[in-house]
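First up is the structure itself, then whatever we jot down about it.
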Amino acid sequence: MRVYLPSTLTLLAAVHTAREAGPAPLAGHAVTPALREWYAEGDQEELEYAALTAAARASLRLLAADPSAPRRRVVLAAEIPDQAVSWARGDASIDGDDRSLVEITAPVPWKRIASGHVDDTGAIADVTAAVEALSAADAGDDDALFTVDGAEGHELLWYATQELPDLLP
């Protein structure tokens, strides 16, 4: 199963050094039954994009937790054995990004990471503003939510795993 792991450049450096993402459990985003039900008209590619976007939003929270991390969203796409992934098997009434939320029950070896998706440096100002607006957006401030959503106006760039070390701080 393809799982999208939210990250930061700082965390990516640690994953690269350790040659695995962990320790388990790890939060990720994937095409879950709840996401399929919510986005019934979407094909597989659109569903994967929705899961990737949810992971990019989760990356904003990781950036908020680490003020020293470079202000670029990072998502790692990994191929995880189905038996190492679990999700809420309820209905599609799950709110927001939780529709795609999964838990990975084992560390993810570097060899299972298929690619990285990282903001271009041109997104730094919008990502920084989004990180700063997260608390207010969570509290229901529409202007802050607009700012957070503004980070999504930047497409994440695709990188092969052998290119990821070139991005490290």
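The values are calculated or read from the model by the stated rules, or taken from the named source; none is laboratory data. Just so you know, these numbers come straight off a predicted model, no measurement behind them. Counting neighbours? That spans all protein chains shown, and the Cβs are built from the backbone with ideal geometry, glycine included.
Please go through region 37-54 and pick out each residue that is among the aromatic types (F, W, Y) and under 20 Å from S7 (Cα atoms). Quick ask: steps written out before the conclusion?
Let us first name the residues in region 37-54 that are among the aromatic types (F, W, Y), namely 38-39, 49.
Across region 37-54, the qualifying residue is only Y49.
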Review point. Within region 102-109, is there a residue that is free of Cβ contacts under 8 Å to residues at least 60 places away in the same chain and surrounded by fewer than 23 Cβ atoms within 10 Å (Cβ to Cβ)?
Key: no
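Considering every residue within region 83-96, establish whether at least one is among the hydroxyl-bearing types (S, T, Y) and surrounded by fewer than 18 Cβ atoms within 10 Å (Cβ to Cβ). Even if it seems obvious, please write down each step before you answer.
Here is the first cut: in region 83-96, the ones among the hydroxyl-bearing types (S, T, Y) are 86, 93.
With the extra rule that they be surrounded by fewer than 18 Cβ atoms within 10 Å (Cβ to Cβ), the set shrinks to 86, 93.
There is at least one residue in region 83-96 that is among the hydroxyl-bearing types (S, T, Y) and surrounded by fewer than 18 Cβ atoms within 10 Å (Cβ to Cβ).
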Check your understanding: When you scan region 147-166, how many residues do you find that are of a type in the set (D, E) and part of a strand (DSSP E or B)?
Key -> 0
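Provide a single number: the residues in region 106-125 that are among the hydrophobic types (A, V, I, L, M, F, W, C), under 17 Å from L52 (Cβ atoms) and out of contact with any strand residue (DSSP E or B) (no Cβ under 6 Å at 6 or more places or on another chain). Before you say what the answer is, go through the steps one by one.
As a first pass, look at region 106-125 and keep what is among the hydrophobic types (A, V, I, L, M, F, W, C): 106, 108, 110, 113-114, 118, 123-125.
From the residues that got through so far, the ones that are under 17 Å from L52 (Cβ atoms) too are 108, 113-114, 118, 123.
In the following step, the residues that additionally are out of contact with any strand residue (DSSP E or B) (no Cβ under 6 Å at 6 or more places or on another chain) were identified as 123.
The qualifying residues number 1.
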Exercise for review: Give the residues of region 136-169 that are without any contact (Cβ under 8 Å) to a residue 12 or more places away in the chain, small (G, A, S) and surrounded by fewer than 15 Cβ atoms within 10 Å (Cβ to Cβ), sorted by residue number.
Suggested key: A139, G140
Exercise for review: Just give me the residues in region 6-34 being crowded, with 17+ Cβ neighbours inside 10 Å, aliphatic (A, V, I, L, M), assigned to a helix (DSSP H, G or I) and modelled with pLDDT of 95 or more, in sequence order.
Suggested key: L9, L11, L12, A13, V15
Study note, to complete from the structure: Scanning region 35-57 for residues that are crowded, with 22+ Cβ neighbours inside 10 Å and without any contact (Cβ under 8 Å) to a residue 60 or more places away in the chain, the one farthest from T10 (Cα to Cα) turns out to be A51
Review point. When region 35-57 is examined, which residues are found to be among the charged types (D, E, K, R) and either in a helix (DSSP H, G or I) or under 18 Å from the mean Cα position of the chain (by Cα) (or both)?
Key: R36, E37, E45, E46, E48, R57
